[in-house]
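Single-structure report; data block below.
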Amino acid sequence: KNNFEGKKVLCLEYEAYTSMAETEIKKICRDIRQKWPSVQHIAVHHRLGLVPVTEASVIIAVSSPHRAESLEAVRYCINTLKASVPIWKKEIYEDEYSWKENKECFWANPEK
């Protein structure tokens, strides 16, 4: 998105605790293989550093013999990634910035 509460977003910046993020993404891939045994290949990549607002931050690809399993696995992957992988997003505006947390993130929302 290129705006937030009337402020123009110039770009996004992502930071991560890389080794922990990679470990959590691998767990998600293992979970996918257990939930959808027909899944053949999984690719997950989350960009770090500056990302222009017009570009993708996350790429997820899942292959399986049938489309339904792949689509369900991709949905599970992005939702779980946003909830559990330690990646932080900063929205950079024209004259300020703001760190954002995912509403799905379990450690940011103790009531969950």
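The values are calculated or read from the model by the stated rules, or taken from the named source; none is laboratory data. Because the structure is a prediction, the values reported are computed rather than measured. Backbone-built Cβ (ideal geometry, glycine too); neighbour counts: all protein chains shown. Keep in mind that these areas ignore ligands, DNA and RNA; they rest on the heavy atoms of the full protein, side chains included. Shrake-Rupley method; radii C 1.70, N 1.55, O 1.52, S 1.80 Å.
The table below gives the values:
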read-out	value
Lys, Arg +1 and Asp, Glu -1 on Cβ, resulting dipole of segment 3-100 about Cα centre, debye, nearest 20	480
Carbon plus sulfur fraction of accessible area for segment 3-100, probe 1.4 Å, in percent	52
Accessible surface, 1.4 Å probe, highest first, among residues Cys29, Cys77	Cys29, Cys77
Calculated FRET efficiency for the pair Ser63/Lys27, C-beta based, R₀ 22 Å, to 0.05	0.65
Cleavage-rule hits, trypsin sites (Lys or Arg not before Pro), segment 25-85, DSSP coil, Cβ neighbours within 10 Å at most 13	none
